[in-house]
1. If you average the C-alpha positions of the stretch 128-185 and of the stretch 46-65 separately, how far apart do those two centres end up, in angstrom?
2. Test of understanding: what is the full-extension gain from Ala154 to Ser575, defined as 0.36 nm times their sequence separation minus their Cα-Cα distance?
3. Within the stretch 36-56, which residues have the backbone N less than 16 Å from the label spot 7 Å out from Tyr463 along Cα→beta-carbon, could you tell me?
4. Only helical DSSP H runs with n ≥ 4 go in: add -39500 (n - 2.57) per run for the chain, normalise by residue count and round the 222 nm mean residue ellipticity to 500 deg cm²/dmol.
5. With +1 assigned to the C-beta of every Lys and Arg and -1 to the C-beta of every Asp and Glu, and no other charges, what is the dipole magnitude of the stretch 210-298 about the Cα centre in debye, to the nearest 20?
6. Count neighbours as other Cβ atoms within 10 Å of each site's Cβ, and list the trypsin sites (Lys or Arg not before Pro) in the stretch 330-411 that are DSSP loop with at most 12 such neighbours.
7. Once every Cα of the stretch 170-300 carries one equal point scatterer and solvent is ignored, give the base-10 log of I(q)/I(0) from the Debye formula at q = 0.16, 0.20 Å⁻¹, two decimals.
8. So for Met126, Met212, Met337, fewest C-beta neighbours within 10 Å to most, what's the order?
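Quick note: the coordinates plus some simple rules give every number you see, no bench work behind them. If you're wondering where the values come from, they're calculated on a predicted model, not measured in any experiment. All Cβ positions, glycine included, derive from the backbone under ideal geometry; neighbour counts span all protein chains shown.
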Amino acid sequence: MLPALTASVPLLEPPGWAIAQRELFDLLDHAWRRFGRDFTEPDGRLRYGGRLSTRDGVDDFYETFFNWPQLYLLGGADDLLAESERHWEGVTRQLTGLGMLHEEYERGYDWFHQGESLLLLYFLCMAAPERWRERAVRFAELYVDPARGNYDPAHRIIRRPHNGSDPSREGLFDGDAYPWLPQEARMYGYPLEWLTSREHPPGPDPRLGEEMRRRMGVGDTAVNLATSGLVLNAFLLTGDGRYRDWLAEYVGAWRERARANNGIVPDNVAPDGTVGGLLDGRWYGGHYGWSWPHGWYSVGHAAVVAALAAALVTGDDSFTDLVRPALDEIIGHGKVMAFTEADSSLQSKWTVQLREDVHTPTLHVPFRYDDRGWFDYNPMLMGVPAALWHHTASPEDRERIERLRAASGHDWRTVRPFRSKEEAGHEEPWFAYLAGDNPGYPERILAAAQAQVRHRLARMERYRGRDVPEADIHLWQQSNPVVTEALVQLTWGAPQVVYNGGLQQARVRYYDATARRPGLPPSVAALVSGIEPEATVVDLVNLDPEAARPVIVQAGAFAEHHIETVEHTVCEDPSWVGDLYDYGHSEPVVTSAPVHVGGPWLRVDLPPSTRVRLTLRLALRARTPSYATPFDRSGGAA
């Protein structure tokens, strides 16, 4: 039996955040059903009659549903998991028919996009590990087993930037020239800038295409670090030490290369294992690397995915030094300016996210580097520093965030209504809330989430029934009405998943003890207001006036933390109800009581109309991470 406690504090005036949270769950339940009806076929595939003319596109199909099983894990409808699985199966058949997959996996493409594609799979594995184990292990073996042609253990590299299930796929593109659209060229420029400016004119020139094949189409590249998410997923499913050893070996090799490069992770390794071996000694210039097209936006996310995966399975937090020096380097080159004055290549992202503050002087950091030095200045993306701090809980990583806040020209408490591609971007006001000076954040972020769902419903109404051409396949993810960032932050005490291939972080997760499934039970709301190890604070509220709701609280996304003790609120004196002829009630007297837990799970019984505040003392990463649940025979029973 699990350690247990029973809530006894009466719920008299439900807090606004609790009502808003349950209303959001209800709206999301309506919204995903509408999307499925209007944009998908009976077998789960997307309504699309065209073809795919390049190697690009797989991610755009899977991304549409990436956070549907995540919503189920948070407490979404019982049938949402089956619907998410149906869409994965349907899209997989659809992409196989389009020639994009082999044995259900990407034939060969870069990991900036593969990482996006696989988020759906990772959340399905988290929600139903037994059903998804075989596929996930088979996919991870494409990289862990050298016989599959992707990994070279002698040089500790992934052999090609475009990799996957088809070892015959070579280079970066089919045909003579990279399929680079004029609009993309205007935003991001061209690869091999030092060559195109001297020897070849930019544009669809086959000579540039040949140089790209020779210099960028073989060897390892930093975004391949995102494969770590796929291998970590296999470890969580199996506990097989081969996957831990592979992560230590591969991520360790990149950590050594970073140390040899003044701490900054390079972006390219030649087939012989030398950094810059195909780029005349340059540590920058690789495919989806520091120079082109996105710089830190791609390199930083892949590096933090790998660093956290290796640290989680080995217990060695020095792997996070794969990320910190590069992060501090770009911060060190920061400049205060208005976004309208910056040379940002991500205009469409920041104009929506900053809104009126595009004119406000604030810290900008360079995302890219080439022979000219640092360039492409943007506001700091907070996903990487937030993920680091959430993992380590170290003063160093928290202080970095506080310095970034102090250097910001805009108010971090402001909640703006937007939904980025990553379904993230509200880390600043969430951090201000956790710091204790943004108390209205829960209700404001829930209102912003409602606004984005309703906006997506309106967009769905406008575009449903439209014949989608290949150029517009982003329409589906732009119309996906499922928004989860607010629920992840408020109920799990975590930043949104790192979008380019990360696995979910969480201080706490929940299981419905009655339904024996992950997620909050119906009518139950949760709020995490502090995530320090010595005081992870969680409020649970049962809004149901008749039904009791037993909840199991889990420490960590993968039961990797230990709940040592919990201090919880109690109301032992029923006199607050008053006598028979009293016209009102008195204020309930609330005290606290301790419970020793000594494990990853705690059962909380919530009688009708009750609430409880839990102050959890956690031992971070005290257990081997896994997808074990409290209902497993090895994990315990409710």
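1. Each part reduced to its Cα centre gives a spacing of 18 Å.
2. On the way: separation 421, 0.36 × 421 = 151.56 nm, distance 7.35 nm.
The Ala154-Ser575 span can extend by a further 144.2 nm.
3. What the label zone holds, given the 16 Å backbone N cut-off, is 36-41, 46-50.
4. Numbers: 20 runs with 244 residues, N = 638.
About -12000 deg cm²/dmol.
5. 120 debye
6. Numbers: sites: Lys335, Lys349, Arg355, Arg368, Arg372, Arg398, Arg400, Arg403, Arg405; in loops: Arg372.
Sites meeting the loop and neighbour criteria: Arg372.
7. Debye curve over Cα of the stretch 170-300, log10 I(q)/I(0) at q = 0.16, 0.20 Å⁻¹: -0.84, -1.15.
8. On the way: Met126 23, Met212 20, Met337 16.
Sorted ascending by nearby Cβ count, the order is Met337, Met212, Met126.
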